[in-house]
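Have a look at the structure below before the remarks.
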Amino acid sequence: MRKTLMILFCMVGFAGQAIAHARLESAVPPVGATVSTPPKQIAITFSESVEPAFSSIEVTDAAGNRDDTGKPQVAADDRQVLIVALQPLGPGAYKVVWHAVSVDTHKTQGSYSFTVAP
Amino acid sequence: MPPFDIEGGLGFAFVRGISVAACLSVLGALVFRLVVAPPVLAGMKPSAAAEQDRRWLRLLWGSVAAALLGAGGWLGLESGAMAGATGIADRLAAVPLVVLNSRFGMVLVIRLGLLAAVPLAIGRSLRPPRLAIAAALAAAAAASQASLGHAASIGHGFEWLALSTTLHILAAAIWLGQLPPLWIFLADAPPAAAGLALRRFSRLGLTCVILLAATASAQGWGLVGGVAGFVGTAYGWTALAKLLLFGILLAIAAINRFTFMPRLASGVAATARRALCRSVLVEAILGLLVILAAGILTSLPPGMDAAQGLRWPYR
């Protein structure tokens with residue numbers, strides 16, 4: 001019995017409602033990429049499922065003008081992918097600022113850039 | 001010492017921890033009355049058994065009320081945080097938005113409904129079928145916690161974590177949640193009845209501890225983030241505190257089982273019962289601290305994330 005208790009002591013202790021946070025895993029267009037065809041949408045894949053009603057993706061051009069169409073949505077088959085449609089983009093550099101609330105309610109944010117080639 | 005950047009603050013983590021603890025207490029109380037207590041009460045004088053039931057009911061209603069208030073408070077605080085609201089009016093306005101548009105809101109509302117149904121299921125009777133229905137409702141309410149955590153949100157390839165977390169929560173409820181009713185029972189029980197109750201509780205408790213160990217191992221190390229996350233992050237430190245508390249809990253449980261329980265059948269039974277009663281109270285308080293520590297863990301970036309920026313040779 002004592003041996004069992006010792007083993008249990010060593011096994012337990014790390015558990016609990018461990019909560020990770022939604023991190024950017026990949027994006028289309030990719031982070032820092034230069035694309036030849038202007039994208040029609042931004043799709044960010046996170047490390048966790050996200051709540052679209054409380055998350056956002058804002059895309060701005062070099063002059064600071066908004067180029068996204070508003071509230072994002074999650075992909076129909078994957079709640080880890082957040083998508084926002086874009087206005088028609090011209091050549092130039094664009095900044096993407098995202099705020100994510102994962103389904104476990106934790107907030108994360110980040111930004112990256114991509115370029116549309118002339 | 002790593003920085004403790006608790007999301008929402010310590011008060012928020014406390015509300016969340018109390019909410020979960022009260023929910024587990026509801027289930028633990030019902031399991032105690034349904035599984036542990038019946039043969040013990042049957043061996044007692046009817047008046048003494050009736051008094052025990054009155055005390056038990058007060059504990060149950062208190063736990064249900066605390067669980068409802070805790071879940072409601074958590075919903076209000078979390079809604080404000082999710083919507084970025086600051087004032088009280090804005091926080092209240094955010095609640096329906098969160099309820100209708102997030103998994104968290106939906107799960108909390110379902111939990112509130114399940115908890116509110118517990119008194120309705122019991123009614124004025126403590127018959128086993130009614131207690132079983134109430135226990136099933138409380139188990140569903142407790143298990144819903146698994147839908148709010150990392151296990152449910154991490155997704156692809158980690159679906160097993162949701163099952164593991166569910167079992168972990170239910171085992172914690174059945175072990176730690178039974179400590180308050182056991183303490184109340186021991187306070188005024190004849191030594192023989194106290195001994196029988198402790199024997200029956202210990203059998204169930206050991207099963208729960210084994211289940212806790214297995215599920216904790218399944219979830220643990222990866223989320224802590226290895227040695228770097230364990231020693232270099234607030235998450236790791238909190239997990240260490242939880243491990244320490246768990247170790248003390250196991251030691252107290254072992255003392256209760258191997259020291260006080262045999263004495264209940266000896267010539268110092270009354271003294272042993274009082275000592276056992278105090279010991280179970282300490283165990284219950286430590287159990288609450290373990291759950292509060294889990295509440296803090298949920299408010300911290302997990303070690304596996306936070307450790308990524310650390311310079312540590314053993315990652």
Descending accessible area (1.4 Å probe), largest on the left, turns B:D90, B:D53 into B:D90, B:D53
Taking a straight Cα-to-Cα line shorter than 30 Å from A:K40, and setting aside same-chain lysines fewer than 8 residues away, one finds A:K71, A:K95, A:K107
With every protein chain in place, the accessible area of B:R273 for a 1.4 Å probe, in Å² rounded to the nearest 10, comes to 40
Note to self, chain B gives a 222 nm [θ] from helices alone (DSSP H runs n ≥ 4, -39500 (n - 2.57) apiece, / all residues, nearest 500) of -26000 deg cm²/dmol
Percent antiparallel among DSSP beta bridges confined to region A:22-116, rounded to 5, stands at 95
For region A:22-116 the mean separation of alpha carbon contacts under 8 Å (6+ apart) over residue count, i.e. relative contact order in percent, is 34
The simple spin-label model distance between A:A63 and B:S266, using points 7 Å out along Cα→Cβ, in nm, is 8.9
Once phi for every residue in region B:177-189 is put through the Karplus expression 6.51 cos²θ - 1.76 cosθ + 1.60 (θ = phi - 60°), the whole-Hz ³J(HN,Hα) values, with Gly and Pro written as x, are x, 7, 5, x, x, 5, 4, 4, 5, 5, 4, 9, 8
Interchain or sequence-distant (5+) residues whose placed amide H lies within less than 5 Å of the amide H of A:A27 are A:T45
Yeah, the protein assembly as shown with a ≥ b ≥ c from its alpha-carbon gyration tensor (a/c under 1.5 is rounded, else prolate when a/b outruns b/c, oblate otherwise) is prolate
Here region B:161-170 yields Karplus 3J(HN,Hα) values (6.51, -1.76, 1.60; θ = phi - 60°; whole Hz; Gly and Pro given as x) of 5, 5, 5, 4, 5, 4, 5, 4, 5, 5
Whole-number value, in Å³ per residue, for the convex hull of the alpha carbons of region A:22-116 is 82
For region B:128-138, Karplus-derived ³J(HN,Hα) couplings (6.51, -1.76, 1.60; θ = phi - 60°; whole Hz; x for glycine and proline) come out as x, x, 5, 5, 5, 5, 4, 5, 5, 4, 5
Checked region B:30-152 against the a/c 1.5 cut and the a/b vs b/c comparison, axes a ≥ b ≥ c from its Cα gyration tensor; verdict prolate
Answer in debye to the nearest 20: the dipole magnitude of the protein assembly as shown about its Cα centre, from +1 Lys/Arg and -1 Asp/Glu charges placed on Cβ, is 2140
The FRET efficiency for B:I110 and B:W61, from their Cβ-Cβ distance with R0 = 22 Å and rounded to 0.05, is 0.55
Honestly chain B on the Cα gyration tensor test (a ≥ b ≥ c root eigenvalues; a/c under 1.5 rounded, otherwise a/b vs b/c for prolate or oblate) is just oblate
Here FRET efficiency (C-beta to C-beta, B:R199 to B:I255, R₀ 22 Å, nearest 0.05) is 0.90
Reported to the nearest 10 Å², B:L10 has, with a 1.4 Å probe, an accessible area equal to 110
The relative contact order of chain B, taking Cα pairs under 8 Å that sit 6 or more residues apart, comes to a percentage of 25
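The values are calculated or read from the model by the stated rules, or taken from the named source; none is laboratory data. Note that the coordinates shown come from a computational prediction; the quantities given were computed from them, not determined experimentally. Positions of Cβ are generated from backbone atoms using ideal geometry, with glycine treated the same way; all protein chains shown enter the neighbour counts. For accessibility, only protein heavy atoms count, side chains too; no ligands or nucleic acids. Shrake-Rupley method; radii C 1.70, N 1.55, O 1.52, S 1.80 Å.
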